[in-house]
Amino acid sequence: SVDEMVAMVMKAGDFAVQAMAVLDEANTTAYGNPEITEVNIGVDDKPGILISGHDLKDLDELLQQTQGTGVDVYTHGEMLPANYYPAFKKYDNLKGNYGSSWWHQNEDFESFNGPVLMTTNCIIPMKKKNTYKDRVFTTGVVSYPGIKHIPDRVNGGAKDFSKMIELAKTCKPPQEI
């Protein structure tokens, strides 16, 4: 009946709210409470890595591994809110946000010039004219035909982003958009 269906939808919504509360607690415990922050949308003159998705632990490990390498890190799309967490503000190699919404990946990834890391969902099909396929890496459950995948953490260790960092060092800095 309609009443039963509404009750099921409400129950599903309740589970979603509970899951979001657990995720929020995990993120704020690890990275602090988000703060209103002005986010840089320009580019620097060093090579960079663009990270998209929702996996803040991947971002944290990437920032640690790129410190002192001459490679900057920029967020994209769903990763923009990471700029608001106090724990990430300590990294001078987190330069800000590059590009626009997730559905502009084809244009944004093309002009970025450096490696792109997709940490969760929202990877869109590439167009025939796109040339960035060899610069895209995925983690976790994300995959795409012909794209390099970074393996999961082993025994509580960090993911290894070294191949992506070495590639970034050979790339031009991002283009202003």
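Yes or no: segment 79-89 includes at least one residue that is over 14 Å from Leu50 (Cβ atoms), of a type in the set (S, T, N, Q), open to solvent by 10 Å² or more (accessible area, probe 1.4 Å) and in contact (Cβ under 8 Å) with a residue 40 or more places away in the chain.
First, pick out the residues of segment 79-89 that are over 14 Å from Leu50 (Cβ atoms): 81, 84-89.
Of the ones still in play, those that are also of a type in the set (S, T, N, Q) are none.
Looking through segment 79-89, none of the residues is over 14 Å from Leu50 (Cβ atoms), of a type in the set (S, T, N, Q), open to solvent by 10 Å² or more (accessible area, probe 1.4 Å) and in contact (Cβ under 8 Å) with a residue 40 or more places away in the chain.
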Restricting attention to segment 137-155, does a residue exist that is open to solvent by 10 Å² or more (accessible area, probe 1.4 Å), closer than 22 Å to Asn97 by Cα and acidic (Asp, Glu)? no
Residue under evaluation Gly32, criteria (1) modelled with pLDDT of 95 or more; (2) within 22 Å of Glu166 (Cβ to Cβ); (3) among the small types (Gly, Ala, Ser), criterion not met: (2)
Output for Cβ contacts, cut-off 6 Å, separation at least six or different chains, first residue at positive phi in segment 104-127, second of a type in the set (D, E, K, R) and assigned to a helix (DSSP H, G or I), reads none
Of the numbered conditions (1) touching a Gly at 6+ places or on another chain (Cβ under 7 Å); (2) surrounded by 14 or more Cβ atoms within 10 Å (Cβ to Cβ); (3) of a type in the set (S, T, N, Q), Ser101 fails exactly one; give the number of that condition. (2)
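The values are calculated or read from the model by the stated rules, or taken from the named source; none is laboratory data. Computed from a predicted model, the values in this text were never measured in an experiment. Note: ideal-geometry Cβ built from the backbone for every residue, glycine included; neighbour counts use all protein chains shown. Each accessible area value is taken on the protein alone, full model and side chains, heavy atoms only, with ligands, DNA and RNA left out. Shrake-Rupley method; radii C 1.70, N 1.55, O 1.52, S 1.80 Å.
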